[in-house]
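A quick write-up on the structure given underneath.
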Amino acid sequence: MKFRDLFTYKDPVREFYEKQEIYPLSEMMAGLSAIPEKEFGKYAFFRDPLERRFSRERKQELTIRALECGSEYAQFTKKKYQDITAQLAAQRLGVSVSYPERPSNGGQVLFARFTEPDKIEVYLDCVRKGKLLVREYGLEMVLGEIDIRELLLWHELFHVLELRNKDTIFTKTEKIELWKKPFSNRSVIGCLSEIAAMKFAAEMTGSRFSPFVLDVLLVYGYDQRAACALYDEMMECIMENDD
Ligand SMILES: [Zn+2]
């Protein structure tokens, strides 16, 4: 079952939901954390409304360039600030960070949010639930020592850096033409920002796995079936046409 089907359409949801198989969390984490980071580009593209505009080869090429972009910004940040924490980096960047329990508008599970130009919220309820799961299921074995809050904050800080460097950064300058001439409407490709932000967060925290893995972990804290549907969706994207 795909997460998308579970939550997009109103009627079949219940029916799909009850049929969703539940897998052991530690197996999902072990499986996902062993997958090379570039593979998660397929999942990121799958969730992008513009997905169909790209060939498989083009998606791969853009994924690699987005990963390089995230890595480049991480290397630059480390060189400039050495062992800086995400909280301190936010301060240096003049970004206000707050830690509410959960998003004020409710709705879909969300872990953190960047509001332009300089406001970040990291939701502590999901961080706490994630931490508990790591401890309860002994996930340090597969994920290493992870600081979820720090990882989420670095991810959002990448979006700040993107905004501040929007004229030069790959994730904002790489565009796709949506309309044919004579009208032109060139759009940014949203999922490239996500791929780069995940890479940036991984390098800043020394994470051994792609932080996309955390999507499943953090959703699991709220809804095991939904997390397993998300896992299925990721695996389907990753295995798709893999020849
Ligand atoms: Zn993001």
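We did not get these values from a lab; they are worked out from the coordinates using the rules stated. None of these values were measured; they are calculated from a predicted model. Note: ideal-geometry Cβ built from the backbone for every residue, glycine included; neighbour counts use all protein chains shown.
Using only the Cα atoms of the chain, what are the Rg and Dmax in Å?
18.0, 59
Which is the longest run of the chain containing none of the chymotrypsin sites (Phe, Trp or Tyr not before Pro) found in DSSP loop states (not H, G, I, E, B) with at most 15 other C-beta atoms within 10 Å?
Values: sites that count: 9, 179, 183, 222.
Answer from the scan: 10-178.
Would you please name the GluC sites (Glu not before Pro) within the range 141-243 that are DSSP coil residues with at most 10 other C-beta atoms within 10 Å of their C-beta?
Values: sites: 145, 150, 156, 162, 174, 177, 194, 203, 233, 236, 240; in loops: 145, 174, 240.
Sparse-neighbourhood loop GluC sites (Glu not before Pro): 145.
Below 8 Å between Cα atoms, with a sequence gap of 6+, how large is the relative contact order for the chain in percent? Walk me through the numbers on the way to the answer.
Details: 315 pairs, mean separation 75.4, N = 243.
The value is 31 percent.
Could you tell me which trypsin sites (Lys or Arg not before Pro) in the range 155-219 are loop residues by DSSP with no more than 16 other beta carbons within 10 angstrom of their beta carbon? Walk me through the numbers before you get to the answer.
Values: sites: 164, 166, 172, 175, 180, 186, 199, 208; in loops: 166, 180, 208.
Hits after loop and neighbour filter: 166, 180, 208.
Under the rule of -39500 (n - 2.57) per DSSP H run of 4 or more residues, summed and divided by the residues of the chain, what mean residue ellipticity at 222 nm is obtained, to the nearest 500 deg cm²/dmol?
Values: 13 runs with 140 residues, N = 243.
So the helix-based figure for the chain works out to -17500 deg cm²/dmol.
How large is the charge dipole for the chain, taken about the Cα centre, if only the Cβ atoms of Lys, Arg (+1) and Asp, Glu (-1) carry charge, to the nearest 20 debye?
Numbers: 36 positive and 40 negative charges, 183 e Å.
Charge dipole of the chain: 880 debye, to the nearest 20.
Mind checking which of 70, 17, 224 is farthest towards the positive end of the range 3-239's charge dipole, using Cβ charges of +1 (Lys, Arg) and -1 (Asp, Glu) about the Cα centre?
The residue sitting farthest along the positive end of the dipole is 70.
Which GluC sites (Glu not before Pro) in the range 12-59 sit in a loop by DSSP (not H, G, I, E or B) and have at most 16 other Cβ atoms within 10 Å of their own Cβ? Let's see the in-between values first.
Details: sites: 15, 18, 21, 27, 37, 39, 51, 57; in loops: 21.
Filter output for the range 12-59: 21.
Using 7 Å Cα-to-Cβ label points, what is the residue 163/residue 13 separation (nm, one decimal)?
Label at residue 163, label at residue 13, 3.0 nm between them.
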